[in-house]
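Reading through the structure tokens given below for one structure.
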Amino acid sequence: MAQTIAIVDYGMGNLRSVYQAFHHVAPNHNVLIAHQPEEIRSADRVVLPGQGAMPDCMKHLEESGLLEALLEASKTKPLLGVCVGEQMLFDRSAEVRSIEPWTPCLGLIPGEVRRFDLAGKKQPDGSAYKVPHMGWNQVRQDKKHPIWYGIPDLTSFYFVHSYYVVPQGNEDAAGSTEYGAWFTSAVARDNIFATQWHPEKSAEYGLKLYQNFVSWQP
């Protein structure tokens, strides 16, 4: 039976590559870029991507008129967060608004978002760690989950980010990556799964992850 997969468009991020990836792995389903709340409410699955600064992302989401529909969907529908879309799921981010010490986020997963602090640390080849963390890196699967089906442990995915999530509880951490230190790079809670990396830029296994999301029954 055909499903509708809604990719939330709140004005932040290149949604076309996410759309193309889902269209490739789910050709018999209805993949749409959602501009209206009803498109999210009527969808079977929801994808929350994001690129850019957290204060701008939260501001645009609030102003888009999609926030309430997204929060409703997060209670019952399979929801996949990608990159900043993962970070937005948490309580707050250290990427600050000018009038507040933290940027409030969606509060769907307890925890916060912090910036890499890698000053003085050296990589194995002797070079300095750079921020943003950019390029291919391995993901250790910290707990079993249907989204990992057919994806080997320590598969490399493509990252571009300066901030990372810190879940309040270890039970929400689904994957970890080492960059100066280990950090949580994937989270899972009930009907929500999210990745810090970009599956749509991560070749075969990135597409496999999207395919697994389409068939996942939380």
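List of remarks:
- Taking (1) closer than 19 Å to Ile5 by Cβ; (2) within 13 Å of the chain's Cα centre (by Cα) in turn, Gln87 satisfies each apart from (1).
- Exactly one residue out of Glu39, Glu86, Glu68 is assigned to a helix (DSSP H, G or I) and closer than 19 Å to Trp182 by Cα: that is Glu86.
- Strands (runs of 3 or more DSSP E) within the stretch 110-218 that include 3 or more residues touching a Phe, Trp or Tyr at 6+ places or on another chain (Cβ under 9 Å), open to solvent by less than 80 Å² (accessible area, probe 1.4 Å) and over 25 Å from Thr76 (Cβ atoms): 133-141, 155-161, 163-167
- Out of Asp125, Asp91, sole residue that is modelled with pLDDT under 95 and among the charged types (D, E, K, R): Asp125
- Tally, over the stretch 99-140, of residues that are of a type in the set (Gly, Ala, Ser) and touching a helix residue (DSSP H, G or I) at 6+ places or on another chain (Cβ under 8 Å): 1
Each row is one residue, and each column tells you yes or no for (1) open to solvent by 40 Å² or more (accessible area, probe 1.4 Å); (2) assigned to a helix (DSSP H, G or I).
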{"residue": "His60", "(1), (2)": "yes, yes"}
{"residue": "Glu72", "(1), (2)": "yes, yes"}
{"residue": "Lys75", "(1), (2)": "yes, yes"}
{"residue": "Arg92", "(1), (2)": "yes, no"}
{"residue": "Glu95", "(1), (2)": "no, no"}
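- Summed over the stretch 1-30, residues that are in contact with a Phe, Trp or Tyr (Cβ under 9 Å, 6 or more places away or on another chain) and either under 13 Å from Ala69 (Cα atoms) or open to solvent by 10 Å² or more (accessible area, probe 1.4 Å) (or both) total 4.
- The residues of the stretch 97-109 that are surrounded by 19 or more Cβ atoms within 10 Å (Cβ to Cβ) and in contact with a Pro (Cβ under 7 Å, 6 or more places away or on another chain), listed by number, are Thr103, Ile109.
The values are calculated or read from the model by the stated rules, or taken from the named source; none is laboratory data. Just so you know, these numbers come straight off a predicted model, no measurement behind them. Cβ: placed from backbone, ideal geometry, glycine included. Neighbour counts: every protein chain shown. Just the protein is used for accessible areas: all its heavy atoms, side chains included, with ligands, DNA and RNA removed. Shrake-Rupley method; radii C 1.70, N 1.55, O 1.52, S 1.80 Å.
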